[in-house]
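Have a look at the structure below, then the notes.
The values are calculated or read from the model by the stated rules, or taken from the named source; none is laboratory data. Quick caveat, the model's predicted, so the values are computed rather than measured. Cβ coordinates were reconstructed from backbone atoms using ideal geometry, including for glycine residues, and neighbour counts include every protein chain displayed.
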Amino acid sequence: MAVAAAEKAVRCLGRGFDMTCDMRLKYCKHAGGCLVDRGGVETAPLAVPGVGTIGGVPVDVKCGKGDRVRIKSGVLEFNKMSELFNQRSSVEGKIPSGLFNACFDLDSGAWAQDAAATKCLAMDGYFISLFDLRLDRRPLALADRVLRDAPAAWDPAAIARFIDKYGTHVVVGLSVGGQDVVYVKQDGSSALPPAEIKEHLDRLGDQLFTGACAMPPLRCKSKDKLKMPEAFNVFDAQLVAQQRLQAAGMITTLVSSKEGVTVIYSKRGGDTTAGSHSEWLLTVPATPDVISIEAVPITSLLKGVPGAGYLSHAINLYLRCKYNLSDPSVSIECLVVLSCITRCGRRRSASCPSARAPTGSRAPARRFISARSVPSSMSAQHRSGIYLYPMLVFLSEMACMITDRTKCRRLSLSCRSLGCGCTWRARNTTG
C-alpha cells in the first residue's frame with residue numbers, strides 16, 4: 001500500500017487540480033496529462049523514506065523526509081481560517097478551497113453565505129508526514145499543448161472545457177502520511193465566547209492525542225468543573241453509528257452538532273477505524289494518504305498568452321462562485337461579474353444565448369430577451385436572473401462608458417432587490 005501510494009503521488013506531480021474539490025488524488029486531472037513542460041526528462045530510481053526505492057521516476061522529482069507536527073489554530077474568523085488553509089497549499093488569498101469546505105462540512109457552495117452563517121472556526125490536530133515530494137523545475141512552464149488549448153477570447157463554453165480538463169492549479173508538491181484532526185464550527189445561534197470554544201477544544205484535543213483519556217471524554221474524571229458542551233462529545237454512540245466512511249476507509253469522519261456548535265473529528269490515512277490516536281499512529285506507514293498539496297495557479301504560467309486575462313478572470317470567478325460557467329442557473333452575482341469581465345459584453349452570454357452584445361463599439365446595442373421557457377424547478381432568483389441578465393449587461397456597459405469618459409472617482413452598480421447583495425464598483429484613478 002505504501003509503495004502504491006508513493007507511485008501514485010509521483011504520477012500526480014505536474015498534473016492539473018481543481019481547487020474547488022477536496023484534497024484527493026482522484027480529483028487530479030489525469031485526462032489532461034502532465035501540464036508542465038519537462039523537456040524529455042530522464043528517469044532514475046528514487047529513494048522514498050519509509051517506503052523504499054521506486055524505479056522509473058523523472059529526475060526532476062525530489063523527495064525529502066517529512067515531519068510530525070501538532071497544529072492548533074486558535075479560534076479564527078471564517079476568512080482567516082480559509083487563508084490559513086490556503087497558506088498550507090502555498091496558495092495566496094482567502095477564497096475557500098474544496099479542502100477547507102470539506103473539513104468544516106460547508107456544502108452551500110456560496111462563499112459569502114457560509115461566511116455570514118459562521119461565527120468562528122477552530123482546529124486542533126496532528127499531521128504526520130512520512131515523506132514530501134516536489135517537482136523541481138526552474139523556471140516552471142506549461143506544455144505547448146496546454147498553451148494551445150487556452151481560449152484566446154471570451155468563450156464561456158471553451159473556458160469551461162479548459163477548467164474541466166486541466167483544473168485551476170498545477171500540483172508541484174505533495175506530503176504523504178496521515179492526519180488526525182478535530183474541527184470546530186460555531187454559528188450565530190451559539191452564545192459561547194471564543195475563549196470557551198478554545199478551552200473545550202484544547203481539552204478534547206489533549207484527551208484524543210496525548211492518551212490522557214482512552215474512554216469517551218465525558219466519562220473521564222476531571223477536576224475542571226467547566227461543563228463541556230454536548231457537541232464536543234464526538235464519541236456519542238449514535239454518532240459512531242452515523243460515522244461517514246469515505247474512499248474505502250481512508251477517511252473516517254464523526255460529526256456532532258448541538259446548540260450552534262459543530263465538532264468534526266476526522267482521520268485521513270492509516271487505519272481510520274483504530275480505537276485511539278496511538279493505535280492509529282502505528283498504521284500510518286502501511287496505509288498513508290496525501291495530507292497536503294502545494295499548488296501553483298495555472299493562470300500564473302500563462303503570462304503573454306492571448307486570452308490569459310479572460311481565463312484568469314473566469315477561473316477566479318469559478319473559484320469564488322463554485323459554478324459551472326455554462327450553467328444557466330448561475331447566480332445573478334456571478335452574471336454581473338461576468339458582464340464586467342466582458343467589458344461591454346462583446347461576446348455571447350453563457351446564461352442567456354439570446355442576449356447578444358456589441359461587436360466593435362462601446363455603445364450599448366439592442367437587447368433581446370429570450371422567449372424560451374424556464375424550468376419551474378429553478379429558484380425565483382435564478383429565473384429572474386435569466387430574464388434580467390440583458391438589463392444587467394446593459395447597465396454594466398453604461399457604467400464602463402461613464403467611468404471611461406468622465407472623471408468620476410467612483411461609480412457603484414447595485415442589485416440588492418433580488419437578494420443577491422452584489423455590488424460592482426469602478427474607479428477612475430486619473431481624475
I'd like to check which strands (runs of 3 or more DSSP E) are fully inside the stretch 1-109 and have at least 1 residues that are surrounded by fewer than 17 Cβ atoms within 10 Å (Cβ to Cβ) and hydroxyl-bearing (Ser, Thr, Tyr). 43-48, 52-58
With the structure loaded, tell me whether Ala47 is of a type in the set (A, V, I, L, M) and within 23 Å of Lys8 (Cα to Cα) or whether it fails that test. yes
For the stretch 113-132, what are the residues that are under 18 Å from the mean Cα position of the chain (by Cα) and closer than 18 Å to Arg70 by Cβ? Leu121, Ala122, Met123
So is Ala112 within 29 Å of Glu196 (Cβ to Cβ), surrounded by fewer than 21 Cβ atoms within 10 Å (Cβ to Cβ) and touching a residue at least 24 places away in the same chain (Cβ under 8 Å) or not? yes
For Ser129, all conditions in the list (1) over 20 Å from Ile264 (Cβ atoms); (2) surrounded by fewer than 21 Cβ atoms within 10 Å (Cβ to Cβ) hold save one; what is the number of the exception? (2)
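I'd like to verify a number: residues in the stretch 236-272 that are assigned to a loop (DSSP other than H, G, I, E, B), within 17 Å of Ile291 (Cα to Cα) and at pLDDT 75 or above, how many? Talk me through it step by step, then tell me what you get.
If we filter the stretch 236-272 for residues that are assigned to a loop (DSSP other than H, G, I, E, B), which is where we start, we get 236, 242-243, 247-250, 259-260, 269-272.
With the extra rule that they be within 17 Å of Ile291 (Cα to Cα), the set shrinks to 247-250, 269-272.
Going one step further and asking which of them are at pLDDT 75 or above, we end up with 269-272.
Number satisfying all stated conditions: 4.
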Counted residues in the stretch 26-40 being aliphatic (A, V, I, L, M) and modelled with pLDDT under 90 come to 1
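Sort through Asp22, Asp60, Asp67 and tell me the only one that's assigned by TED's automatic domain parsing to the domain that holds Leu135 and closer than 18 Å to Ser129 by Cα. Quick ask: steps written out before the conclusion?
Numbers: Asp22 fails: closer than 18 Å to Ser129 by Cα; Asp60 fails: closer than 18 Å to Ser129 by Cα.
After ruling out the rest, the residue left standing is Asp67.
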